[in-house]
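Q: Dumping the structure here so I can ask a few things about it.
Where a number appears in this text, it was derived from the coordinates with a stated rule and is not lab data. Everything quoted here is computed from the prediction, not taken from an experiment. Cβ: placed from backbone, ideal geometry, glycine included. Neighbour counts: every protein chain shown.
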C-alpha cells in the first residue's frame, strides 16, 4: 500500500465487525480474506414518512489512515483497504448524509437523486 497524503485517501477501507467482540471481528475479517467477498448488510432508510428504502450494501470510509483512530473507536480497528479508484470502477458510490435539521426536505432530495 502506498502512503496517503493525509488529506485525501487513495483507499477505501471496510472496517469489519462494528460493535462485535474482538474474536468475532477477526473471524469476519478472516472470512472476507478467505472468500474474497464482502458481506452485505441490509439498511433501511425512511424519508418524510412516505418513502421506505431497503438496500443491501457494504460501507467504506476514505478517512486517511493517519486520521483513522477516532473512526476506529466507533466502528472497528479491523479493516481491509481497497484502491479507491478500483472500487469506483466497479461502481462504488459516495454517501450523501442528510441532517435532521432538513428532515422535511429529505424526501424531495431523495426523489431528485433517483429521478
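Q: At 0.36 nm per residue, minus the direct Cα-Cα distance, what do residue 82 and residue 20 gain on full extension? Give it in nm, one decimal, please.
A: 20.1 nm
Q: While we're here: Assuming 0.36 nm per residue, please report the length gained on full extension of the stretch residue 92 to residue 112 beyond their Cα-Cα distance. Walk me through the numbers before you get to the answer.
A: Working: separation 20, 0.36 × 20 = 7.20 nm, distance 1.98 nm.
So the extension gain works out to 5.2 nm.
Q: Need the full-extension length gain, residue 56 to residue 7, defined as separation in residues times 0.36 nm minus the C-alpha distance. One decimal, nm.
A: Value of the extension gain: 14.7 nm.
Q: Quick one: which of 28-36, 9-17, 85-93 comes out on top by average Cβ neighbours within 10 Å, and what's the full order, highest first?
A: Top of the packing list down: 9-17, 28-36, 85-93.
Q: Another question, then. Say R0 is 41 Å: what FRET efficiency, to the nearest 0.05, do residue 42 and residue 69 get from their beta-carbon distance?
A: Working: r = 29 Å, r/R0 = 0.71.
Step by step, r from the Cβ atoms, then E = 0.90.
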